[in-house]
Amino acid sequence: MTLKEKIGQLLIAGFEGTTPPKGLLSLIKSYQLGGVILFKRNLVSPPQIAKLCDSLQKASPHVPLFISIDHEGGRVNRLPKPFTVLPSQAVIGACNSSELSYAIGEIMANELKTVGINFNFAPVLDVHTNPAKQVIGDRAFGKSAGLVSTMGLAIIASLQDNGVLACAKHFPGHGDTATDSHEELPVVNRTLDQLREVELRPFQHAMMNGLRALMTAHVKYPALDETYPATLSRKIITKLLRSSMRFDGLVLTDDLEMKAITQEYGLEDAAIKALLAGADLLLVCHREDQQVAILEAILKAVKKGLLSEKQLDTSLLRILSFKQRYMSLPKPVDLKQIKEVVGCSRHRQKVQEILVKADQTVGETAVQA
């Protein structure tokens, strides 16, 4: 691969519209982008999504694209009807059933891969430690690190068993934040011992049992790094995550256009800092001009020796190895299969079973109290 193509593989880009815009197609061709992320703004119906994913993959003939989405269930749901409406992770956690959690991951994977989406930015492994802080709230399985570990691993295993790469988030833990990193930089003032006992446990458990990818938090943890948020911190990504916790999977940043980053750093500088910290994939969800600026800034940084091509190669090998494992060659869009799988009755029945189980569990807890 050329240097530009190696750099392109490090970027996952968002875009506007329900068909691939010319600017995105140009980036895929000139830089061989690593992938794209889909939002509600891109998605209309299952057939349209399948055709969109197909056209994106055909635009990248040499290396398959990661086609990613935030599909957690609950309030983080990008998919239109008739996709199965999934409960929040808090509802799944209330069931305290690995079997039901695995079933949710199976529904996710089957529907996503049927329309061509191969990378799911889920589950959330944050522990909801403080009920007064609702930034994560019902996106978490619950307030127990043990519960989050068990439920989260079931989702991860199910997604990956069924051919969709899972991405746990938000490392090293976003559950005790009072502010939203979309708007400003949160700070978590927990000690290292507290972080190891609670926030880090679900991630460590998942890493030891097959987790292939995780996403960093735009959150500052003074006990780990007094200067940088996790996304830009070499102390957190390389020293803690890579060396101490021995994680050798993919490390993605959360969207670099979020205000937690842009209010503190220039976007191009932040992208380079994230790579120097040890990230493999940069997520840039909105503006094409920002995506181009970041790619060009990385190219200049490598040519100036500020960022080594050897480090790029290390990330590239991780990216390509997981693409080889989870990305299949594009197949013709199968409208019949899409109709049979997306929003099917067995999926709806399983969700109803989960909702009933969650209601019973909540009721039993209230009686005991």
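The values are calculated or read from the model by the stated rules, or taken from the named source; none is laboratory data. Remember, predicted model here, so these are calculated numbers, not experimental data. Ideal geometry is used to build each Cβ from the backbone, glycine not excepted, and the neighbour counts take in all protein chains shown. For accessibility, only protein heavy atoms count, side chains too; no ligands or nucleic acids. Shrake-Rupley method; radii C 1.70, N 1.55, O 1.52, S 1.80 Å.
Using a Förster distance of 30 Å, how high is the FRET efficiency between S321 and R246, based on the Cβ-Cβ distance and rounded to 0.05?
0.95
For region 218-346, would you read off the P(r) tail past 26 Å as a percentage of all alpha carbon pairs?
Here the tail beyond 26 Å accounts for 35 percent of pairs.
On full extension of the chain, what length is gained from S30 through T314, given 0.36 nm per residue of separation minus the C-alpha to C-alpha distance?
100.1 nm
With contacts defined as alpha carbon pairs under 8 Å and 6 or more residues apart, what's the relative contact order of region 57-184 in percent?
29 percent
Could you give the longest part of the chain that holds none of the GluC sites (Glu not before Pro) found in DSSP loops with at most 16 neighbouring Cβ atoms within 10 Å?
17-182
Take the Cα atoms of region 146-303, build their convex hull, and give its volume per residue in Å³.
Given the Cα convex hull of region 146-303, per-residue volume reads 116 Å³.
Can you tell me the FRET efficiency between N189 and V44 if r is taken as the Cβ-Cβ distance and R0 is 56 Å, rounded to the nearest 0.05?
Once rounded, the FRET efficiency stands at 0.80.
For region 111-181, what is the accessible area per residue in Å² when the probe is 1.4 Å?
That works out to 24 Å² for each residue.
Heavy-atom accessible area of V356 with all protein chains present, probe 1.4 Å, nearest 10 Å²?
Near enough 60 Å² of accessible area.
If you roll a 1.4 Å probe over the heavy atoms of the protein chains, what accessible area per residue do you get for region 215-294, in Å²?
That works out to 35 Å² per residue.
Could you sort D248, D225 by accessible area so the largest value comes first, with the probe set to 1.4 Å?
D248, D225
Could you tell me which residue out of T177, I136, V302 lies farthest along the dipole of the chain toward its positive end? Charges go on the beta carbon: Lys and Arg +1, Asp and Glu -1, centred on the Cα centre.
V302
Could you tell me the calculated FRET efficiency between Q263 and T361, based on Cβ-Cβ distance and R0 = 56 angstrom, to the nearest 0.05?
Plugging the Cβ-Cβ distance into 1/(1 + (r/R0)^6) gives 0.85.
So what are the radius of gyration and Dmax for the Cα set of region 1-49, in Å?
Answer for region 1-49, Rg first and Dmax second: 12.0, 37 Å.
Which order do K323, K339, K58 take by accessible area at a 1.4 Å probe, largest first?
K339, K58, K323
Given a 1.4 Å probe and the protein chains all in place, what does the accessible area of Y265 round to, in Å² to the nearest 10?
Answer for Y265: close to 40 Å² accessible.
How much of the DSSP bridge set in the chain is antiparallel, in percent, rounded to the nearest 5?
The answer is about 5 percent antiparallel.
Do any trypsin sites (Lys or Arg not before Pro) in region 211-249 lie in a loop, going by DSSP, with at most 15 other beta-carbon atoms within 10 Å of their beta carbon, and if so which?
Listed in order of number, the matching sites are R246.
Can you work out D for region 85-220 in µm² s⁻¹ from Stokes-Einstein, where Rh is the Kirkwood radius over C-alpha pairs, the temperature is 37 °C and the viscosity is 0.692 mPa s?
222 µm²/s
Taking only C-alpha pairs under 8 Å that are 6+ residues apart, what is the relative contact order of the chain in percent?
Over the chain, the number comes to 19 percent.
I need the shape label for the chain. Rule: rounded when a/c is under 1.5, else prolate if a/b > b/c, else oblate, with a, b, c from the alpha carbon gyration tensor.
It is oblate, given that a/c is not under 1.5 and a/b is not larger than b/c.
Counting only the heavy atoms of the protein chains, how much of L281 is accessible to a 1.4 Å probe, in Å² to the nearest 10?
Surface accessible to solvent at L281 totals approximately 0 Å².
For the chain, modelled as a GNM with alpha-carbon contacts under 10 angstrom, which of T191, T84, T262 fluctuates the most?
Checking each option, the largest mean-square fluctuation is seen for T191.
Would you work out what percent of the accessible area of region 227-368, with all protein chains in place, is carbon or sulfur (probe 1.4 Å)?
50 percent
Quick one: what are the phi-derived ³J(HN,Hα) couplings along region 122-128, Karplus 6.51/-1.76/1.60 with θ = phi - 60°, whole Hz, x for glycine and proline?
In residue order, the calculated couplings are 7, x, 7, 9, 6, 9, 7 Hz.
At a 1.4 Å probe radius, carbon and sulfur cover how many percent of the accessible area of region 1-149?
For region 1-149, the apolar C and S fraction of the accessible surface comes to 55 percent.
Output needed: percent of Cα pairs per 5 Å distance bin for region 134-191, bins running from 0 to the one holding the longest distance.
4, 16, 23, 22, 17, 12, 5, 2
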